[in-house]
1. Could you work out how far apart the two model spin labels at residue 111 and residue 158 are, taking each label as a point 7 Å from the Cα in the direction of the beta carbon, and quote it in nm?
2. Nearest 500 deg cm²/dmol is fine: what mean residue ellipticity at 222 nm does the chain get from its DSSP H runs of n ≥ 4 alone, each adding -39,500 (n - 2.57), divided by its residue count?
3. Determine the principal axes of the Cα atoms in the chain, then give the extent along each, sorted from largest to smallest and rounded to whole angstroms.
4. Quick check on the range 2-177: of the DSSP beta bridges with both residues there, what percent are antiparallel, nearest 5%?
5. Starting from the 7 Å offset along Cα-to-Cβ, what nm value, one decimal, do you get for the label separation of residue 77 and residue 62?
6. In whole angstrom, how far apart do the alpha carbon centroids of the range 120-157 and the range 60-81 sit?
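Nothing in this text is a laboratory measurement; each read-out follows from the coordinates by a stated rule. Since the structure is predicted, the reported quantities are computational estimates derived from the model, not experimental observations. No Cβ is skipped: glycine too gets one built from the backbone with ideal geometry, and neighbour counts run over all protein chains shown.
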Ligand code: ADP
């Protein structure tokens, strides 16, 4: 399923993000950038050890990655050129600035991709796994942040993909796309 914002195609796909042939995939990392469970673990497993080596160098230089920020590494053995690592917020009931932090995670990922002049990017559903952010709320922020970015920022994006893992998540996003 796909929609268009200005001249950029925005696609909804059910699948495994590590298989996506795009310029960059986004990793829902944690602040340590040392890998973890969920999509983070899948990306490091499929991408090989070089991604973790690059993450270690980044952390040595700038410390842990604050929630809502993003950094970029190469894609290692993945079929993408880059992995953009961002940290979404842990859901704590919704009164702890979670919506702004989630928006920042999407926005800063798009921004660092644009700075690297990429044409295509794939997002997982940031924060809605282990971090517990309700997907009905998170998906609205995901789509709105992409829309606002495409309408207001200088960028080279031709295609933006949302990759969801489960049928239930797909249905939530599908409703929103419609
Ligand atoms: P977070 O800690 O930010 O919540 P998770 O990795 O636990 O991150 O979950 C984020 C989302 O990524 C969840 O919806 C989960 O089902 C999904 N996910 C897990 N593995 C993959 C994968 N290989 N490709 C795409 N999405 C994935």
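1. Each label point lies 7 Å from its Cα, and together they span 2.6 nm.
2. Values: 5 runs with 71 residues, N = 178.
Helix-only estimate at 222 nm: -13000 deg cm²/dmol.
3. Here the spans come out as 42, 35, 30 Å, largest first.
4. The answer is about 35 percent antiparallel.
5. Computed distance between label sites residue 77 and residue 62 equals 2.8 nm.
6. 17 Å
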